[in-house]
1. Of everything in the range 213-239 that's of a type in the set (S, T, N, Q) and buried (at least 18 other Cβ atoms within 10 Å of the Cβ), which residue is farthest from the chain's Cα centre (by Cα)?
2. Among the listed residues Glu89, Glu78, identify the single one that is acidic (Asp, Glu), at pLDDT 95 or above and touching a strand residue (DSSP E or B) at 6+ places or on another chain (Cβ under 8 Å).
3. Confirm whether Asp244 is in contact with a His (Cβ under 7 Å, 6 or more places away or on another chain), within 28 Å of Leu111 (Cβ to Cβ) and not aromatic (Phe, Trp, Tyr).
4. Of the residues Ala146, Ala131, only one is among the small types (Gly, Ala, Ser), out of contact with any Asp or Glu (no Cβ under 9 Å at 6 or more places or on another chain) and surrounded by 22 or more Cβ atoms within 10 Å (Cβ to Cβ); which?
5. Looking at Leu151, Leu177, which one is at pLDDT 95 or above and farther than 17 Å from Lys243 by Cβ?
6. Does the range 53-70 include one or more residues that are touching a residue at least 40 places away in the same chain (Cβ under 8 Å), surrounded by fewer than 19 Cβ atoms within 10 Å (Cβ to Cβ) and more than 22 Å from Thr13 (Cβ to Cβ)?
7. How many residues are without any contact (Cβ under 8 Å) to a residue 24 or more places away in the chain, over 23 Å from Gly99 (Cβ atoms) and not β-branched (Val, Ile, Thr) when one looks only at the range 147-166?
8. What residue, among those in the range 202-225 that are at pLDDT 95 or above and small (Gly, Ala, Ser), is nearest to Ser170 (Cα to Cα)?
Amino acid sequence: MSIHPTAIIDPKTEIADCAEIGPYCIIGPEVSIGPCTRLMSHVVLEGKLTIGRDNVFFPFCSCGVAPQDKKYKGEESETIIGNGNSIREFVTIHRGTQGGGMRTVIGDHNLLMAYVHIAHDVIIHNHTILANGVTFAGHVIVEDFANIGGLSAIHQFCRIGKHAMVGSRSVIKQNVLPFSQTASDHECKIYGANRVGLQRGGFGPEAIEPLQNAFRLLSSSGLNTSQALTRIEEEIPQTGEIKDLLEFIRSSERGFVK
C-alpha cells in the first residue's frame with residue numbers, strides 16, 4: 001500500500017494492500033478501496049462507497065457524495081464501482097436515494113472522460129465509453145458497450161441500449177434502442193445501425209444487416225410502431241440481436257427515439 005503523507009484518510013477506511021493513494025486525497029469512513037486501484041491526486045471519496053480492483057481515479061474527481069436531489073434526506077444509500085474503470089478529471093458520481101433503489105452503480109471496464117456527471121441511482125453496465133461532459137439525470141440505465149458522445153444530456157429514467165452509439169451534443173428524452181446509431185440536432189432520431197461499433201465488437205454482417213433493415217422499418221418506412229414490429233417479425237431473420245431489440249421496444253415505457 002502506498003499512501004501519500006498529504007492524504008486525509010479516516011481510520012475506518014478500508015484500503016487493499018496494493019492500492020495507491022496520491023497527494024491531497026480525502027477519503028471518508030465508509031469507503032472500501034480494492035486491490036491495485038490508484039487515486040492520482042485531489043480525489044474525494046465519501047459516503048458508503050465500495051470500489052473494486054484496478055481502477056484509476058484522475059485528479060479532482062469526486063465519488064459517493066450526496067445527490068443533488070431535494071427529496072434526499074440523508075438516507076444510508078451507497079455507490080458501487082466495479083473493476084478496471086478509468087475515471088477522469090472532474091468526474092462526479094453521486095450516491096443513490098430512497099426513491100431509486102438506494103444505489104448508484106458503475107460496472108467494469110468503463111471509460112468516464114473528463115467532466116462526466118453521474119447522478120443518483122444511475123446504473124452504468126460494462127465496457128461503456130462516456131465522452132467529455134456527458135451528463136446524466138437520475139435513474140438512467142446504460143447497457144454494455146454503449147458509447148455516448150461528448151456534451152450529451154440524458155433525461156431521467158431513460159435507458160441506453162447495449163452497443164448503441166449516441167452522437168455528440170445529443171439531448172436524449174426517450175430510450176435509445178440497442179445496436180443503434182442515434183443523434184439529435186433540432187430533434188433526436190435514429191440513423192441506422194451502429195455499424196462501426198458493432199464491427200469492432202465482433203458482430204458480422206449476419207447480425208448487422210437484419211438490424212439495419214429493422215431500423216429502416218422503424219424510422220423511415222412511414223409505419224407506426226405496431227406495424228413496424230409486425231413487419232420485423234414477419235420479414236427479418238429473428239437473430240439474437242433482433243430479439244433483444246424487440247424486447248427492448250416492448251419494455252420501453254417512455255417510448256424510444258425513432
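The values are calculated or read from the model by the stated rules, or taken from the named source; none is laboratory data. All values derive from a computational prediction rather than experimental measurement. Glycine gets a Cβ as well: all are built from the backbone with ideal geometry, and neighbour counts include every protein chain shown.
1. Applying the filter and picking the extreme gives Asn213.
2. Glu78
3. The answer is no for Asp244.
4. Going through Ala146, Ala131 in turn, the sole match is Ala146.
5. Leu151 is the lone residue from the list that is at pLDDT 95 or above and farther than 17 Å from Lys243 by Cβ.
6. Yes; the residues of the range 53-70 include at least one that is touching a residue at least 40 places away in the same chain (Cβ under 8 Å), surrounded by fewer than 19 Cβ atoms within 10 Å (Cβ to Cβ) and more than 22 Å from Thr13 (Cβ to Cβ).
7. Total meeting the criteria: 2.
8. My answer is Ala214.
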